[in-house]
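Here's the structure we're looking at; comments come further down.
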């Protein structure tokens, strides 16, 4: 009995020590996991801030370029995607005559109007100034044109409170990446959408604003050869 009692006297503190060390190890693991989770959250927040336009809350040019890269991987599929470029008409008058604060409010309102009319999977970006872009994933040219029509209508209808001389419109250019597109064709996709947008803008400036409602659509279907 004496030997057993002695062994128990030694075993109990040893067991308590093992339990204490195990609990400390588990607590250390929990702290490390919490720290790692917090680190990931901070990194994710930093990435989000780095790809967000601070004025409007939509994506910025950096995020836009990333979305184009994702679109590039879909090149050659039947419904690869499309790009919509939007430039506000008469925004300079609003900014100069009604003030920069009102101009900033207009840009925020336009960003919200665009976001309400596209899917969560589509990317809305402000490229700078009064120019916006929408990257549509998995759509064809017809669907892209329908979205563009809706976006322009939404922008025109959103500012009925502006003075007549400050009435806003939008020049919209659309380019779709067709089924014969190749990886890398997104560079030309941007050029086509940009050219289409400026053709519409020139038509507006020459007096065609009220006559021409449909955006100019350029479907990019380059051969794979």
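Quick look at the numbers
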| item | result |
| --- | --- |
| Whichever residue in the range 70-92 is in a helix (DSSP H, G or I) and more than 14 Å from residue 170 (Cα to Cα) and, among such residues, is modelled with the lowest pLDDT | 72 |
| In the range 101-134, the residues that are in contact with a strand residue (DSSP E or B) (Cβ under 8 Å, 6 or more places away or on another chain), in contact (Cβ under 8 Å) with a residue 60 or more places away in the chain and surrounded by fewer than 20 Cβ atoms within 10 Å (Cβ to Cβ) | 127 |
| Checklist (1) surrounded by fewer than 17 Cβ atoms within 10 Å (Cβ to Cβ); (2) out of contact with any strand residue (DSSP E or B) (no Cβ under 6 Å at 6 or more places or on another chain) applied to residue 137, failing item | (2) |
| Residues within the range 52-69 that are assigned to a loop (DSSP other than H, G, I, E, B) and touching a residue at least 24 places away in the same chain (Cβ under 8 Å), tallied | 6 |
| Residue ranges of strands (runs of 3 or more DSSP E) in the range 109-225 with at least 1 members at pLDDT 95 or above, out of contact with any helix residue (DSSP H, G or I) (no Cβ under 8 Å at 6 or more places or on another chain) and within 16 Å of residue 85 (Cβ to Cβ) | 131-137 |
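Every residue, every condition in (1) modelled with pLDDT of 75 or more; (2) within 24 Å of residue 190 (Cα to Cα); (3) surrounded by fewer than 14 Cβ atoms within 10 Å (Cβ to Cβ); (4) under 16 Å from the mean Cα position of the chain (by Cα), yes or no:
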{"site": "35", "(1), (2), (3), (4)": "no, no, yes, no"}
{"site": "41", "(1), (2), (3), (4)": "no, no, yes, no"}
{"site": "49", "(1), (2), (3), (4)": "no, no, yes, yes"}
{"site": "56", "(1), (2), (3), (4)": "yes, yes, no, yes"}
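The values are calculated or read from the model by the stated rules, or taken from the named source; none is laboratory data. Note that the structure is a prediction, hence the values are computed from the model and not measured. Virtual Cβ from ideal backbone geometry, glycine too; neighbours counted across all protein chains shown.
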